[in-house]
């Protein structure tokens, strides 16, 4: 997990196992920041799945993965080495697999998301981006917009 700016972090977590581990670290970090009055206690996740192909195999593992977060922003998958015969799964397709789909919102890497992140940071919420990284990824977009 790498700090981009105050209360904004990015993690190379893009499989259910890595996401779960990152969320455990996030919960501990949030508790520490709250203890020192540097955080609201709210956990905001921005998630960018890595590859459409992988989503077809892991989509059912999302069910309870994000249950302990306060808000989940789900951006489209980072596409790489895709099978052209496979249907591209959009955020709204994958959010349906969550046990709490109402906690998630579909988003794009745009000014609307940037404004939401800025508001969360202003509120001292802890914002964690989970992505596979790489060119034109969520991680790169955050570094361009928040460094």
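What follows draws every value from the coordinates through simple rules; no lab data is involved. Source: prediction; values computed, not measured. So basically every Cβ, Gly included, is an ideal-geometry build from the backbone, and we count neighbours across all protein chains shown.
Values as computed for the structure displayed
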{"quantity": "Extended-chain gain in nm, criterion 0.36 nm per residue less alpha-carbon gap, residue 144 and residue 2", "calculated": "49.6 nm"}
{"quantity": "Over the range 2-146, equivalent-ellipsoid semi-axes from the Cα gyration tensor in Å", "calculated": "25, 16, 13"}
{"quantity": "Length added when fully stretched, residue 70-residue 25, from 0.36 nm per residue minus Cα-Cα", "calculated": "14.7 nm"}
{"quantity": "Segments 4-10, 90-96 sorted - mean Cβ within 10 Å per residue, highest first", "calculated": "4-10, 90-96"}
{"quantity": "FRET efficiency, residue 85 to residue 110 (Cβ-Cβ, R0 22 Å, nearest 0.05)", "calculated": "0.15"}
{"quantity": "Protection proxy ranking, peptides 39-48, 124-133, 24-33, average beta carbon neighbours within 10 Å, highest first", "calculated": "124-133, 39-48, 24-33"}
{"quantity": "Calculated [θ] (222 nm, deg cm²/dmol) that DSSP helices of n ≥ 4 give over the chain, each run adding -39,500 (n - 2.57)", "calculated": "-11000 deg cm²/dmol"}
{"quantity": "Within the chain, percent of DSSP bridges classed antiparallel, to nearest 5", "calculated": "15"}
